[in-house]
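Accompanying notes for the structure given below.
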Amino acid sequence: MIVHVYLETSIKWPKQSDGIIGIVFTDQDDVNRKSLFGVVQNASEHEAVLIGINRALDYLREIDTIHIHVSSTVGYSFKYLEKWQASGFVGAKGCKVKHAEIWEEISEKSKGKMLKMHINERNGYRNWLTNECDMRGRKHGFIL
């Protein structure tokens, strides 16, 4: 079974702040859907997206093939996941990878799975998720 995960956040900058994460899960035919939203506190955009992916993997324990759709550039870092895991999440400069704890959890939860990243690709959920995250963020006072 293939599941598509569409993820957006109201946090759009590297500065840490509070915001909303929105996730839509669909099957490969886009017939069955589920959406989830949650509050994230004191996180950058990249950290919020990683938190969202980590939570999505909690829901997809039994799924082998997962397509993750994000607009955040942190998606490009997934190509380093195996290398970071082998090095104990130490980067090329000899320092711990940023957000190493979350990367470790994602690495553990994705073992035996095929994760395919889709970064900045147009899809039918991106605008809706962005609007929902912003609207919910305003309700919580995160966005003016």
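The values are calculated or read from the model by the stated rules, or taken from the named source; none is laboratory data. Just so it is clear, the model here is predicted, and its values are computed rather than measured. Counting neighbours? That spans all protein chains shown, and the Cβs are built from the backbone with ideal geometry, glycine included. In case anyone asks, the SASA skips ligands and DNA or RNA and just uses the protein heavy atoms, side chains included. Shrake-Rupley method; radii C 1.70, N 1.55, O 1.52, S 1.80 Å.
Each residue was assigned an accessible area with a 1.4 Å probe, and for Phe25 the value is about 20 Å².
Summarising the label geometry, the points placed 7 Å from Cα in the beta-carbon direction at Thr73 and Lys34 lie 3.4 nm from one another.
When the listed pairs Lys12/Lys109; Lys34/Lys98; Lys12/Lys83; Lys79/Lys116; Lys79/Lys111 are checked against a 20 Å cut-off, the alpha-carbon distance exceeds it for Lys12/Lys109; Lys34/Lys98; Lys12/Lys83. Given the choices (1) 13.5, 42; (2) 14.9, 46; (3) 17.4, 54, Rg and Dmax of the Cα atoms in Å derived from the coordinates of this structure is entry (2).
Springs between alpha-carbon atoms under 10 Å, Gaussian network over the chain: tell me which of Ser87, Ser44, Ser71 tops the mean-square fluctuations. Top of the fluctuation ranking is Ser87. When the helices of the chain are scored as -39500 (n - 2.57) per DSSP H run of n ≥ 4 and the total is divided over every residue, the value at 222 nm lands at -9500 deg cm²/dmol.
Using the Cβ-Cβ distance between Lys139 and Glu82 with R0 set to 35 Å, the FRET efficiency works out to roughly 0.30.
Centre-to-centre separation between the Cα atoms of segment 50-124 and those of segment 24-48: 14 Å.
Rolling a 1.4 Å probe over the protein heavy atoms gives segment 17-144 an accessible area of 58 Å² per residue.
Anisotropy class assigned to segment 44-93 is oblate, per the alpha carbon gyration tensor with a/c at or over the 1.5 cut-off and a/b no larger than b/c. The accessible surface of segment 75-142, taken with every protein chain in place and a 1.4 Å probe, is 49 percent carbon and sulfur. Oblate is the label for segment 1-86, because a/c, from the alpha-carbon gyration tensor with a ≥ b ≥ c as root eigenvalues, is 1.5 or above and a/b does not exceed b/c.
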